[in-house]
Each structure stands twice: as structure tokens, then as C-alpha cells.
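The values are calculated or read from the model by the stated rules, or taken from the named source; none is laboratory data. Predicted model, so just to flag it, every value in this text is computed and none were measured. Reconstructed Cβ throughout: ideal geometry from the backbone, glycine too, with neighbour counts over all protein chains shown.
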Amino acid sequence: MRLSIARWFLPPAALLAGWTAAVLAADAPAAVTSPATTAAAAARPPPNPTCTPEGGFTFADPIGDDDGPGTYKYPTDPVYKPGSFDMTEFQVLPQGNQVEFRVSVRSRIEDPWDSPAWGGNGFSVQMAFIFIDTDHKAGSGVLDGLPGLNIRFAPDEAWDKVVIISPQPATRVNSEVSQKCPQWKSRIIVPRITRAQGRTLVAVVDKSQLGGDPSPNWGYQVVMQSNEGFPAKTDLLTRKVNEFEGQHRFGGGTDYDNDPHVIDILVPPNGDPVKKQHEILSKYNKAATTDVKPEDLAVVPMVYPCAK
Amino acid sequence: MQRPNIRALVAAVALSALSGSARADNLNFDASGQIYMKYMYQNNNTQGCLSMSNPFWVDTIQGSNGACAEALLTIQAKIGPKVSAGMVIQSRWGALWQDWWENGDLKPGVYDTSGASLGMDHAAYMKLRSAWIRFGPPIPTVEWITVGSTDFSMWNAWTVGKARYIDRFNGDGVFVEGSIIPNNLFTYTIGAMALPKLWAGPGWQTGLKDSDPLAALYGTDWDFAVKLGTRPTRDLRFTLIGSLAKDWEADRYSPMLTGPPNAARGANHSVGLVTRFTGANASLEGVYTPSSAEWISITGLFAGSSNYVNPAYATNEVLNGQGFSPVVFKTDKYGNPIASNGLAGTLLVEVFDPFDIGLSARFQYFNIGAEYNAIMGARREADVLITSGIIGGGFTRAGQLPTLNVANEFQDFDEPWYEACIGWNGITAILEFVKGPLKLTGEYTFIGYNTNMQNRDVKTQYPDFLYTNGFTDTTAFTADADYANVYDRGKDPRSVYAQNQDRQTHIAVLTAQYLLPVLPGGVLNLMGKYIHDQDLRIISNPNDNYVGTSWLGFISLTLQPLPELKTTIGYEYTHWYEQGREGNEQSGYSPATTIRDTVQGGIAYAWGGVIFSYTLQYFWKDLLRTPPAYYNMNWNVWRSKATIEVAF
């Protein structure tokens, strides 16, 4: 009888063991250490940015670093497909009187919540913020991140403009800006048009909104987030990161507003970009659970891809 | 009724914040709320706040002239580090201002001077919409266990689909999520869900003694499902989902159900169960997104279904319900009930701007078996094919679903329509070009039909939904007071079987979107669509052919005069010529021509947390038919819908 039972259970057990071994072998770093080490080992350093004289460029971001400080997990609902927030490339393309910003991720951008029904832009889940430093000077620009991101910038890398790529209709984004950060309204750009194309979020902005032609000396920071239709009072349409992931909540952070609510960012070239990102986003005051001050938040750097 | 923002709320907030609060309130729970109001007007004589309700029972919610409000309250709490719980309380609308004075104790037939006193039906009472507990016990491989309300979103449209808005959270279940190999390399989800008493089964129910006298034990009806996910490499992932819907009834031959309970009869004080309906579905999906070639993505899906109905416990609606049935009542050549089985597959290849010139492409091959049917699949709010389909238009968004259970009801005139794609076998190619302010798309789709057959048994086995031919006019569908739009219904979107069919369809669509350089926020959208739909019906009879050709032209202009204000105005022209649309084999068929002009304008305003929208539509439609067998008709319809909502 015992042998008979074994006959039933052995094949599936062997199959599972074989499959496990195959998976572990195929993704070996992921199974042996922390997610941070996993991503770092799996990532490849991005190539050097390619720049054009008009201020355009292409900047690659490593894959597998869609885990914020190295611990973040996606929400559990199936709409958050693997790679949905894993930025792979950022492009700035000046064309005529407009500039096209393109943020690519490692998954086709879908519209599971039928954004046309709420006047949206053809996608549902992703959201990206493009912070721009136009002068690279201390004492100029804004040090605080936008509400809900829980990040800040260094004094000499303060942002002067920010482009919001959101699936929400422009009217809604403008309304949220008026409500939650009116002091920066003149610096916040809601694109003329926002759309998804394949794996890329595309935003078209008038050069006049940027204050002129893009300069090769400008600095950029792209922050990947997720669209939240009903955000908390302190959040600008951003999805929260909690200690544990939920159906529509990121996990791996804290239940407070001290941890950076960003999933992927750009990091300056040279070195291990994934390790850098994890270090940058890990530097926040974990003891600040109430009355979180700006100095408690992680400082994210600007990237100056074409500056000489 | 299905409001996108409420849906977004329910999806993104109510069930979502299970992992705890980000605010340190004095109370040990967080509460959030929403108020939603809708005002509707149409030049007809109906009163209510829903363009289209359910045709089956008489209700008081359908109508095109009314003002309705709805309130929603979500409460959620974190009990411990890995224990959370929550609930949603939501009001139903239906109350008029004079109903405030009602106490709900009047009954039908009682003389009532208020004009409308139907008790709770007009009370706008609060309802427990959902309740759940979620915890992560220290059991090996188990990450989360959720007990309570669900929207079924963890499965897919081919097996157990995400519930449409009105059904969301009605179902309760138990769900276990876990990971066998860390880092999501091998995950599992196991679920047991109570079947909804209505819609999931033969006769759109799981046993009601009034309609199926032998079937009334719906408390034992369950759907079991399992999902396995694996990522053998970073670029490749597989998802296997299987579901089993079981509708059991008390065995009519059980000793305890027959005869007196005496010892001599041998009754053992137990009642056996017998199957009324069994539905089994499985799908295996693979997604390949190579890191070394980020410009390509390949998605393949293979699925199978098996549906068995026990006619001893379920009324044959094909035979007794004019062919309106969500399941096939299949029999063998001896007339014995057997399972209806089907396979399905899709292959999607997406190429994202490979030449870096803004040109992308998507190709999909689809082959859905003639008897594939996901009884618990998505009824709407999902789309398994990339084609715009047959029923989509300029103002009408559309989707395709592999179920006879498609539900184009409980919705307003501005909401999407869905059609069953069972039996579809063909290809879709979509090219997309994006360059700065310009976006162009072109689609070609060919649909052959695995359901093509001569002399199919639509009397006792295969449901035909009575209306098997003709373009479905989704715009005019609610123009008449009658839900069924009996004067010009066209094809029922659920109809995939006809007695005699030899059909093929060609669809071509061109769209353009241009960002206007001068006007504030100006966006111009253009669309042209052509459909050639041919059905030879009885192949040997050249005089009964159906040939439908449809041309559609659409233009809309969007402006944003203020940062918080957007306006849109558009026009759609539709012209159909349908040879052999009206009639039958005995009396012959005659043609029909349909011309419809639709103008629609709208505004959307968002300020300080208030979201307001208003849509005004006018359409004029001529239906020209061949006299003397039929008469011409026209429609002259004004209708509008205003909504306002706040969340707090």
C-alpha cells in the first residue's frame, strides 16, 4: 500500500523538484539572497546616454530595479503585471515647438480599468513624474517632491519644472494640483497630450511650458509610480507603499509617510545603478512615523545626461 | 449604473488598502466615503436613472428621466501586523423626494395617494456591500489568506472573470495565496467561491424552485479555482488557471425526500446530492518579453472548457425559453445529455517601434472553439481580442468575450458594449504610427466562424438568442421603452449559433488623432470603419444570403479652455445596407437600409475634489425596409446624463 501511494506522489514530487531546480538555475541569483542582491546581480549597467544638439537624448535604466529601495513588492492584483513599473528607457525628443517625453517600461502598457470611461488617456495603472532642473544652481527651484512621493532633492539639484504623465484626464490632474500643491502650479506641467504606445508612455509638452528649448545642461529625474484614482488627502494621485502588499497597495515599505513611495528612478551613470538606487531610496528616517519632516525623506539625485 | 469612478474607487480603495492604514487616527480604523449623483433626461416617458436594466423581471430602476444619489462608506482596519479587515456600506438609489415620508409598509395593491409607495424598493436603503478579513499566518508557503467578499479579479476572462460592477463583492469566498519558490518564481492561488444564485448556470441561475421545481438547493453551489504562476526566466512567465463550477441539488430519489420517514424504509437522515450543472475551464497563458529585444512581446493562450447540464434538474431554455440560454443543452445521438466541450487559443505578437520611427504593430491569431464557453467568465469590463469588433463605433467602445453570458444590461447609453466571440477564428493586424502630435492606426480583421454549420439543432440544444443576423444598433437599442428594442433589434450580441450558417466577416478601421497647435488643449479625432459581414445561411439556397455592409465615419474635437475644464463635441455617421436581413426561409428575405446621424457633446469639470460631467446626445435614425412586408421607421432621440461625485 505504501508503495502504491508513493507511485501516486512520486511523479508530481519529482516534477516539482525538477521544475524548482530548473527555475532556480535559470534565475539563480534571485533564489539565493535578498531581492536587492538578486536585482543587482541580474541587472546590466546601462549604456552611455546618446545626446543630440537640440537637448534630446536617450537614457537607459537597468531592468529588474522596480523594487524601490530593494524591498518593494507589487500589489497582488493581476493588473500589476511584472515589469509594469520597471523603467527601461527615458527619452527626450524636441520636435518643432514641442518636446516629446517617452518613458518605457518592461511590460506592455494596458488599460484594464477602461480609462476612456473616465476620460482618461488610454492606460490605467502607471504614472510617472519627470522632474527637471534647468539651472543646476543651489537656491533655485524646489527641494520637496510632489505630494505622495515622499522624496526630496538636494539644494543644487532642486527641480524647476515637473511633467506629470498620468492616465487621469488633464482636468483631474490640474484639479488635484490646485488642491494639493497650488504653490507649485506654475512649475507643474500637465502635457498637451498623454498616451501609451506599446511599452512606452508618451507625453507631448509645448516648449513654452518648459520655458524654452531643452538645454543639454538640464538635469532630469524620472519617478515611476502608480495611478491611484482615489488618493489620500496628502497624495497627488499616487499609490501608497505599505509594510505589506495588498490587492492595490505596494508592500515592502512602512505604513507611514516616511518611506519613498517610488518604485523606480534614474540614477547617475557609473557604478552599479541598481545598488545605487537601493542605497538612495533606503536613506530615510525609519523612526519618523509621525510628523514626518522633509529632512526625514530620501534625497533623490538629478541626472545630467548630456552636460559637459 | 456602472460608473467608472465608483468602479475605480471600489477597485482601488475599498478592497485595496488591505495592508493597513497610512494614517494614525485616534480611532482604530480608517473610514472613507463617496457621494455620487446622476441626473438623466431623455425625450421619452420613462422615469428612472438607468438607460437599460434587466429585461427579465419588472423593476423600478430603469428609466431615462430622473435624479438619483448614492452614498458609499468604506471602513478598514489593521488589526495586527499581518491581519487586516474591512467592509463597504453602500446605498441603493430609487428614492424620490416624497419617499422620505414612506415607512415601507405598504404592499402592492394597497391604494396609495402618494403615487409611488413600494416599500423598500423606494427606500434607498444602506446595504452591506462587502466584508473581508485578510491575514498572513505563519504557514509554510502561505502568504495571505482572504476570507470574504471578492471581485474575482485574480482569475481571467477565460475561466472566472472579474465581476461586472453590479455583481462586484456580491460573491463571498476563501482565497489562499502563496509562493512555493521565493521571489514570485512559483506562486499559487487557491479559491473557493460561492456561486451567485443568479446568472451562473442554466437559466441564468443555480436553481430556483419556482422555475426549476426540482432545483432549489443553491447553498451548495461552489466554484473552485486554482492559479499557478511561474517565471522560469525573467523574460518568460506562465500562468495556469483552472476552475470548476459545481451546481448541486438535492437528489430527487433520496429516501428522505420520498415517502414517510419510517424505519422500514431505511432512511438514514441524509439527503444525497446530484449535479445540476458542471462547468470546467482551464487556461494556460505564456508571455515572452525578451530583455535583449525589448521591441517585441509574444503572448499565447490555450484554453479549454467543458459544460454539462443535467436536464432533469434544469429547464431547457433552448427549448422552452426561445433560445435564450447561457449554456448548450447538448445531447448525444440517443438524446442523452452530454458535456459540451470546446478549445480556444490566441497568439498575440506585438512589435513596439522596432525601427525607431514611431511605427508599431500588433498581430493576433485567434481560434475559439464552437463550444468554448466560460459560464463564470467576464460578462463585461474585459476584452480578450484586440480587434475593435463588430459592434464598436465612434461613440461606442466595445469588447469581445468568450462566454454566452455576455451582459449588456444595467448600464447607461454612454457605456461600452460587449459581444460573444465564441467560434471566432481569424486574424487581426493593427499598425500604429505615432509621431509628435499625430497618431494613426489601421486595423484589418478577418473572422471566420467555427460555428458555421448546416441544420444545427437550435430547437433543443444550441441557443440562438432568437436574433441571429443584422448589425446590432447599440445607439438605438434603448430608444424604445421596451428593453428588447423589438422594432429593430439586430443581432443579439450573445448569439453565436444559427440553424444554418456559413459566415465570414471583414473589418477595416482607420483612426487618426492630431494635437491641434492653436486651440487650447485641442485634439482632433477621426475614425472610419468598414464591415463586410456575409452569411450564406443554407449554402444550397442562393436566395437566402445575408450580406451586410457598414460604413461609419466619426469626428470629434476636444478642447480644454480651462485647466480644469474639458469640452468635447463629435459627430458620427453610420450607413448600413443589409441584404437578406429581414424574413425567414419560408417567406423569403428582404433588405434593409439604416442611416443614423449622431451628435454628442460633453463637458468634464474637476475642481477642488468635485468631479462633474455632462453628456448630451442627439441621434436621428432612419430604418428603410422593403414594403409591403415591413414599414419604415425613424428615431428622433435627445438624451443626456449628468454626474457629480466627491470622495472623502
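Can you go through B:553, B:583, B:602, B:570 and tell me which one is under 29 Å from the mean Cα position of the chain (by Cα), away from chain A (no Cβ under 14 Å), touching a residue at least 24 places away in the same chain (Cβ under 8 Å) and part of a strand (DSSP E or B)?
On the way: B:583 fails: under 29 Å from the mean Cα position of the chain (by Cα); B:602 fails: away from chain A (no Cβ under 14 Å); B:570 fails: away from chain A (no Cβ under 14 Å).
Step by step, each of B:553, B:583, B:602, B:570 is checked, and only B:553 is under 29 Å from the mean Cα position of the chain (by Cα), away from chain A (no Cβ under 14 Å), touching a residue at least 24 places away in the same chain (Cβ under 8 Å) and part of a strand (DSSP E or B).
A quick yes/no check of all residues on (1) among the aromatic types (Phe, Trp, Tyr); (2) within 9 Å of chain B (Cβ to nearest Cβ); (3) closer than 23 Å to residue B:519 by Cβ:
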residue: A:189; (1), (2), (3): no, no, yes
residue: A:196; (1), (2), (3): no, no, no
residue: A:217; (1), (2), (3): no, no, no
residue: A:224; (1), (2), (3): no, no, no
residue: A:229; (1), (2), (3): no, yes, no
residue: A:237; (1), (2), (3): no, no, no
residue: A:242; (1), (2), (3): no, yes, no
residue: A:248; (1), (2), (3): no, yes, no
residue: A:253; (1), (2), (3): no, no, no
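Out of A:275, A:233, I need the residue that is outside any loop (DSSP other than H, G, I, E, B) and surrounded by fewer than 22 Cβ atoms within 10 Å (Cβ to Cβ). Which one? Outline the logic, then answer.
Numbers: A:233 fails: outside any loop (DSSP other than H, G, I, E, B).
None of the other options fit; the residue is A:275.
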Name the one entry in B:151, B:167 that is crowded, with 21+ Cβ neighbours inside 10 Å, in contact with a Phe, Trp or Tyr (Cβ under 8 Å, 6 or more places away or on another chain) and not small (Gly, Ala, Ser).
B:151
Residue list for region B:353-369, filter: surrounded by fewer than 22 Cβ atoms within 10 Å (Cβ to Cβ) and among the hydrophobic types (A, V, I, L, M, F, W, C)
B:355, B:357, B:359, B:361, B:363
Just one of the numbered conditions (1) facing chain B (nearest Cβ under 10 Å); (2) buried (at least 23 other Cβ atoms within 10 Å of the Cβ) is not true of residue A:103; which one?
(1)
Subset of region B:195-218 [surrounded by fewer than 18 Cβ atoms within 10 Å (Cβ to Cβ) and either in contact (Cβ under 8 Å) with a residue 12 or more places away in the chain or among the β-branched types (Val, Ile, Thr) (or both)]
B:197, B:211, B:216
Region B:193-242, residues that are part of a helix (DSSP H, G or I) and either over 26 Å from residue B:317 (Cα atoms) or under 21 Å from the mean Cα position of the chain (by Cα) (or both)
B:202, B:203, B:204
Filter pass, residue A:195 being surrounded by fewer than 21 Cβ atoms within 10 Å (Cβ to Cβ), closer than 21 Å to residue B:568 by Cβ and in the same structural domain as residue A:230 (by TED's automatic domain parsing)
yes
Pick from region B:170-182, criterion surrounded by fewer than 18 Cβ atoms within 10 Å (Cβ to Cβ) and of a type in the set (Gly, Ala, Ser), ranking: farthest from residue B:153 (Cα to Cα)
B:179
May I ask you to list the residues in region B:537-551 that are under 29 Å from residue B:620 (Cβ atoms) and surrounded by fewer than 20 Cβ atoms within 10 Å (Cβ to Cβ)?
B:547, B:549, B:550, B:551
In region B:289-308, the residues that are at pLDDT 95 or above and more than 25 Å from the chain's Cα centre (by Cα):
B:298
